[in-house]
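Read the structure below first, then the notes.
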Amino acid sequence: MMRIRCCFLLCSFALLSACGGDDDNSEPPAVLTDFKPEKVLQEQWALRTHGAIEQQFLFIEPLLLDDKVVTAGRDGIVTIVDLKDGVQLSEVDLDTTLSSGVGGNGSLLLFTTKEGELIAVETALNSVKWKIDAPSEILSPPVIVGDSIIIRTVDGQILGLAQDSGKTRWSYQQSKPALTLRGSGPLVATRDRVYAGMSNGRLVALSLDNGEVIWDVTLSTPQGHSEIQRLVDVDGRLDLYGYVLYAAGYQGRIAAIDVQKGQLLWARDFSTYSGVTVDSKVIYSADERSHIWAMDRYSGATLWKQDKLQARKVTRPVLFGDYLVLGDAEGYLHVISKSDGRFVARISVGGEEDAYIIENGILVPPVVTEDAIIVTTRDGMLYSYTLDDLAVAK
């Protein structure tokens, strides 16, 4: 049977018109409610890059490297920006169409293309070191750990590659269901293991040395009769805290897994596209309806829920001090309290005029430093914000 790769925003994001039909039956986004600001988001700088994805649903996340941020767009132009003042330091034109976010480290940057290529760029020289053909398209950022590069392809393969040449050292593959989300969940790699959520609702731990399976557990079991009802793709971000892996999937469960034993510590029903964020005590996640949840890390019990961003297609919440930051499809950056989910600050990143909603929408989560929040928009704008007290706001 031909595998169906439908749009990432299959249900909640309702891009059904892209799969046939012109009517948009998606739930309208909630109207933003007023609140009493406790902080203010101050723009430090803004830079137009070549990172535009326009109306494409490409999750090209930027990469932070010490005092720089690396961003790229679907047109294959890479921009390296100084984090302090937003000055463009250099630019590399890969002359290809990219398919996922920037991977790599301070010495080697990694990019994936729509044609299924993996391109390694030497940071010091801003030049291509090597290029290889992967088995199929790669939709999640490549990961460097030790002297290896780990990639995942849309046909369900996970590969370990040599960092110096891109040569394949090992590969692993599970069977895929007929229908999956448009995307591939980010991999988590440690010194000796690779953790991955699979499109069939399973979680695996693989040996970094040879790709052998250390454990394989079921996060979610398909339910229902139709292919859409049985969709349980683990497509969002996993988070490893100590010896516990936290994971959540679409139409499935959120769970904590003991990585030494490969056993579930707890699990509860939950559905998300974007995955989880964890701190020392709490798990945070945005569900498929854009409700933000805080759950106890040790039991999964609900601590609070923020539902006033319903259907706004929010990003995964990101930790920033005592707060969570997240963007939405209309270009708003939200700051909420970790303690109870109340709104603390908000800003319209690209302006509030309707004509700018698509261009300035925020599709990928913000990336943060100790004191700055970096946001990318659909039209390739890169912004840096600080979160300041109202009394000292300019």
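DSSP loop trypsin sites (Lys or Arg not before Pro) in segment 44-134 with at most 13 other Cβ atoms within 10 Å of their Cβ, which ones? Let's see the in-between values first.
Numbers: sites: Arg48, Lys68, Arg74, Lys84, Lys114, Lys129, Lys131; in loops: Arg74, Lys84, Lys114.
The qualifying sites are Lys84.
For the pair Asp95 and Arg268, what calculated FRET efficiency results from E = 1/(1 + (r/R0)^6), where r is the Cβ-Cβ distance and R0 = 30 Å, to the nearest 0.05? Working shown, then result.
Details: r = 47 Å, r/R0 = 1.58.
So, using R0 = 30 Å, E works out to roughly 0.05.
Given Cα pairs under 8 Å that are at least 6 residues apart, what percent is the relative contact order of segment 240-313?
Numbers: 161 pairs, mean separation 15.5, N = 74.
The normalised contact order for segment 240-313 reaches 21 percent.
On full extension of the chain, what length is gained from Gln42 through Gln173, given 0.36 nm per residue of separation minus the C-alpha to C-alpha distance? Provide the component values of the computation, followed by the final result.
Details: separation 131, 0.36 × 131 = 47.16 nm, distance 4.61 nm.
Full extension of this stretch gives 42.6 nm more.
If you stretched the chain out fully between Leu390 and Gln310, how much longer would it get, using 0.36 nm times the residue separation minus the C-alpha to C-alpha distance? Walk me through the numbers on the way to the answer.
Details: separation 80, 0.36 × 80 = 28.80 nm, distance 2.74 nm.
Length gained, Leu390 through Gln310: 26.1 nm.
What is the fewest-to-most order of Arg253, Arg169, Arg152, Arg342 by other Cβ atoms lying within 10 Å of their Cβ? Before the final figure, lay out the partial values.
Numbers: Arg253 22, Arg169 16, Arg152 26, Arg342 13.
Ordered from fewest to most neighbouring Cβ atoms within 10 Å, Arg253, Arg169, Arg152, Arg342 come out as Arg342, Arg169, Arg253, Arg152.
Would you mind checking the pairs Lys68/Lys114; Lys281/Lys308; Lys84/Lys129; Lys68/Lys305; Lys39/Lys261 and listing those with alpha carbons more than 32 angstrom apart? Present the calculation step by step, with values, prior to reporting the outcome.
Working: Lys68/Lys114 26 Å; Lys281/Lys308 24 Å; Lys84/Lys129 28 Å; Lys68/Lys305 35 Å; Lys39/Lys261 44 Å.
Listed pairs above 32 Å: Lys68/Lys305; Lys39/Lys261.
List, in order, the whole-Hz ³J(HN,Hα) value for each residue of segment 360-377 obtained from phi through the Karplus relation with A = 6.51, B = -1.76, C = 1.60 and θ = phi - 60°; use x for Gly and Pro.
Once θ is set to phi - 60°, the couplings for segment 360-377 become 9, x, 9, 9, 9, x, x, 10, 10, 10, 4, 9, 9, 10, 9, 10, 10, 10 Hz.
Order these by the 10 Å Cβ neighbour count, fewest first: Ser348, Ser165. Spell out each step's value before the answer.
Working: Ser348 15, Ser165 12.
Going from sparsest to densest Cβ surroundings: Ser165, Ser348.
Could you list which residues have their amide H under 5 Å from that of Phe320, counting only those 5 or more apart in sequence or on another chain, with H placed in the peptide plane?
Val325
What list of ³J(HN,Hα) couplings, whole Hz, do you get for segment 83-89 from phi and the Karplus terms 6.51, -1.76, 1.60, once you set θ to phi - 60° and write x for glycine and proline?
With coefficients 6.51, -1.76 and 1.60, one gets 5, 5, 10, x, 7, 6, 8 Hz.
Once you place label points 7 Å from the Cα toward the Cβ at Asp371 and Tyr298, how far apart are they in nm?
It is 3.6 nm.
Quickly rank 212-219, 285-292, 133-140 as a protection proxy: mean count of other C-beta atoms within 10 Å, highest first.
285-292, 133-140, 212-219
Which distance in nm do the two modelled labels at Asp258 and Asp133 give, with both placed 7 Å along the Cα-to-Cβ direction?
Reported label-point gap for Asp258 and Asp133 is 4.7 nm.
The numbers here are math on the coordinates, done by the rules we state, and not lab data. Predicted model, so just to flag it, every value in this text is computed and none were measured. Glycine gets a Cβ as well: all are built from the backbone with ideal geometry, and neighbour counts include every protein chain shown.
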